[in-house]
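Novice: Right, I'll just put the structure down here and ask away after.
Just so it is clear, none of the values below were taken in a lab; they were calculated from the coordinates. Because the structure is a prediction, the values reported are computed rather than measured. Backbone-built Cβ (ideal geometry, glycine too); neighbour counts: all protein chains shown.
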């Protein structure tokens, strides 16, 4: 790793951002997805467990009553603008509400995040001194919500939100970025398996039971390639 990359992005100057503002509508429920139970614990607890040791701090992006997340002991940051404009607004609030140079964003419905997520997301920054964002890729799919963001893009976020450009997909289509490619190991689940429907939750329950039975720790996934 070159010295510039160490200065640009390290665990101590990176904040984890858990995007937890969504309702479980596709689950047929009108409740916080973050609080849905998986293996006897809320989804949010699983994501916190996976992410906390990889970054300097973790904050939660959510609107409404912050007290519903009080038991988790993490700052809860509401959007700076009305209308629930989505993940980019959560990211904007995270830059305003922390001193972190980098933000590693994840969604609250990703209970199997790899133990080396932050390390692998930093890998492209080891190749060249850059302040471009990095997005995770697995199984031929870009997971735009799992991304490493430099503080230098904060003004661009504000501009995009002010002009109604709210889509994460559109953001990465129109801004230079790098990609970190993850590959599942053995019979482990896709590292970015997400829970949108009741059947997904059933699958996740089975995976959690299997991991508990084997005493398996969160999996460290290989990063097969990295490019711009």
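Novice: Give me the one-decimal nm value for the distance between modelled label points at residue 35 and residue 205, 7 Å along each residue's Cα-to-Cβ direction.
Specialist: 2.0 nm
Novice: A follow-up question, please. Quick check: from the Cα gyration tensor, does the stretch 26-92 come out rounded (a/c under 1.5), prolate or oblate?
Specialist: oblate
Novice: What nm value, rounded to one decimal, do you get for the distance between residue 170 and residue 84 when each label is placed 7 Å out toward the C-beta?
Specialist: Between residue 170 and residue 84, the label points sit 1.9 nm apart.
Novice: Per-residue counts of other Cβ atoms within 10 Å, averaged by peptide: what ranking do you get for 155-165, 39-49, highest first?
Specialist: Highest mean packing first, the order is 39-49, 155-165.
Novice: Still on this structure, I have one more. Once the piece of chain linking residue 63 and residue 96 is laid out straight, how much longer is it, given 0.36 nm per residue of separation minus the C-alpha distance between them? Display every interim value, and only then the final one.
Specialist: Values: separation 33, 0.36 × 33 = 11.88 nm, distance 1.53 nm.
Extra length available between residue 63 and residue 96 comes to 10.4 nm.
Novice: Using label points projected 7 Å from each Cα along Cα→Cβ, tell me how many nm separate residue 53 and residue 162, to one decimal.
Specialist: A separation of 4.3 nm, rounded to one decimal place.
Novice: Quick one: which of 64-73, 142-151, 78-87 comes out on top by average Cβ neighbours within 10 Å, and what's the full order, highest first? Display every interim value, and only then the final one.
Specialist: Values: 64-73: 12.3, 142-151: 21.7, 78-87: 14.8.
So the peptides 64-73, 142-151, 78-87, ranked by packing, come out 142-151, 78-87, 64-73.
Novice: Here is a follow-up. Ranked from highest to lowest mean number of other Cβ atoms within 10 Å per residue, what is the order of the peptides 197-208, 112-123? Write out the running numbers ahead of the final one.
Specialist: Numbers: 197-208: 15.0, 112-123: 21.8.
Result, highest mean first: 112-123, 197-208.
Novice: Continuing with the same structure: So if we plug the beta-carbon distance of residue 197 and residue 151 into 1/(1 + (r/R0)^6) with R0 = 41 Å, what FRET efficiency do we get, rounded to 0.05?
Specialist: Details: r = 36 Å, r/R0 = 0.87.
Using R0 = 41 Å, I get an efficiency of 0.70.
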